[in-house]
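Asks: First the structure, which I've put down as structure tokens, then a few questions once you've had a look.
Throughout, read-outs are computed from the coordinates displayed, never taken from laboratory work. Computed from a predicted model, the values in this text were never measured in an experiment. When we count neighbours, we look across all protein chains shown, and the Cβ atoms used for this are built from the backbone with ideal geometry, even at glycine.
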Amino acid sequence: MIFFLYVLLSELNYSANEVWVEVYEKGRIINAKGNCTLKGENFEIKADSALIFESENLDSAYLYKNIKVESRKLSIFSDKVFYNFINSFAIFEKNVKIESDTYMIKTDKVFYSDLKDSAFADSKVSIKDKIRNIEIEGFKMVYLTNKKKGKIDSLIGIKIFEEKDTVDIKGKRLLILDKTFFITENVNIISKDFNGFCDTLLWESDIIKLKGRKPELFARDSKLSGKNIEIFLENKKLKRILSKDKSFLKTVSEKKDTLYLYSDFLDIFLDDSLKLEKVSGGRKIEGEIKR
């Protein structure tokens with residue numbers, strides 16, 4: 001016979017197929033097995049089994065296997081959970097997946113605070129941006145779910161999937177500010193149209209900025225360097241490059257002539273085949289052609 005237990009403590013309801021209670025002087029321990037469900041005002045937790053600790057109020061709970069936590073903002077899946085109801089703090093372990101309408105995070109262990117709206121993971125983390133079709137891998141993640149801000153201290157890589165291309169970005173650290181990425185230290189970006197190197201890369205919508213000591217960009221038969229390089233995309237295609245401060249361009253024509261240009265800044269426009277369409281420079285522009 002299925003035993004059903006319904007208790008209301010601290011605005012929490014819980015139920016299971018089997019329940020037994022151990023009563024102590026300072027409180028009690030509730031053991032639950034089979035189809036365990038805990039419901040609060042803004043969340044619902046399901047698991048195969050649960051161990052719930054109470055004193056004057058509901059203190060904490062351990063949940064095991066096939067765990068699913070659902071709230072208004074997101075869903076969390078794992079094999080083991082410790083939940084502190086007083087501080088709204090949880091530790092999720094083994095096969096952890098955090099999912100919302102816009103992103104999905106996978107890892108082995110997550111510390112999650114509902115009050116701080118933050119998730120922290122010390123182990124390997126995979127993040128998928130469902131809207132922009134971006135995948136991120138790294139270690140040591142902190143993410144503020146509501147503010148869409150986060151960081152990864154040890155970045156493995158970022159993949160941005162376009163319609164006919166995949167952009168790969170390598171670096172050491174990543175900072176996420178809503179729709180903007182900051183990648184730092186030995187950054188390498190590779191795509192079908194171009195590849196580049198820099199100390200710091202900023203990706204914001206259709207603009208990519210390469211900054212640092214000596215950023216370099218390679219596109220087809222051209223090489224560009226400068227202290228600040230901005231890449232402008234149009235319909236996910238490279239259309240314009242702006243280089244500021246100590247800019248140098250080397251490009252090879254179809255006739256195998258090599259053009260060298262030096263200027264404080266260079267504004268470069270490309271056609272659909274990534275050939276130079278137009279180049280303009282600052283007040284002091286120097287160049288030469290070698291045949």
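Asks: Just to be sure I understand: of the beta bridges DSSP finds with both ends in the chain, what percent are antiparallel, rounded to 5?
Replies: If I count the DSSP bridges inside the chain, around 100 percent turn out antiparallel.
Asks: Evaluated at 10 °C with a viscosity of 1.306 mPa s, what Stokes-Einstein diffusion coefficient in µm²/s does the stretch 31-96 have when Rh comes from the Kirkwood expression over alpha-carbon pairs?
Replies: 134 µm²/s
Asks: Could you state, as a whole-number percent, how many of the C-alpha pairs of the chain are farther apart than 30 Å?
Replies: Roughly 48 percent, once rounded to a whole number.
Asks: Using only the alpha-carbon atoms, what does the stretch 147-227 span along each of its principal axes? Please give whole angstrom values in decreasing order.
Replies: Per principal axis, max minus min of the Cα coordinates gives 41, 32, 21 Å.
Asks: Computed FRET efficiency, Cβ-Cβ of residue 273 and residue 204, R0 22 Å: what is it to the nearest 0.05?
Replies: The pair residue 273/residue 204 has a calculated efficiency of 0.25.
Asks: Right, something else. What percent does the relative contact order of the stretch 144-288 come to when contacts are Cα pairs within less than 8 Å and at least six residues apart?
Replies: Once divided by the residue count of the stretch 144-288, the mean separation gives 12 percent.
Asks: Taking 0.36 nm per residue of sequence separation and subtracting the Cα-Cα distance, how much length would be gained by fully extending the chain between residue 142 and residue 97, in nm to one decimal?
Replies: Roughly 14.7 nm would be gained on extension.
Asks: When only DSSP loop residues count, what GluC sites (Glu not before Pro) in the stretch 119-164 have their Cβ near at most 12 other Cβ atoms within 10 Å?
Replies: Passing both the DSSP loop test and the Cβ count: 163.
Asks: Moving on to the next point. Roughly how big is the chain's charge dipole about its Cα centre, with Cβ charges of +1 (Lys, Arg) and -1 (Asp, Glu), in debye to the nearest 20?
Replies: 1340 debye
Asks: Report ³J(HN,Hα) in whole Hz for each residue of the stretch 128-144, in order, from the Karplus equation J = 6.51 cos²θ - 1.76 cosθ + 1.60 where θ = phi - 60°; Gly and Pro get x.
Replies: Couplings: 10, 8, 6, 6, 9, 6, 10, 10, 10, 10, x, 10, 6, 10, 10, 9, 9 Hz.
Asks: Using just the Cα positions, wrap the stretch 196-271 in a convex hull and report its mean projected area in square nanometres, one decimal place.
Replies: Mean orientational projected area (the stretch 196-271, Cα hull): 4.8 nm².
Asks: In whole Å, how far is the Cα centre of the stretch 61-76 from that of the stretch 103-153?
Replies: Taking the Cα centre of each part, the stretch 61-76 and the stretch 103-153 sit 16 Å apart.
Asks: P(r) of the stretch 251-291 in 5 Å steps, Cα pairs, percent per bin?
Replies: 6, 21, 26, 27, 15, 5
Asks: Here's a follow-up. Could you quote the convex hull projected area for the stretch 83-192, Cα atoms only and averaged over all directions, in nm²?
Replies: 7.0 nm²
Asks: A further question on this structure: Placing +1 at every Lys and Arg Cβ and -1 at every Asp and Glu Cβ, with all other atoms neutral, what dipole size does the stretch 176-266 have around its Cα centre, in debye to the nearest 20?
Replies: In total the dipole reaches around 220 debye.
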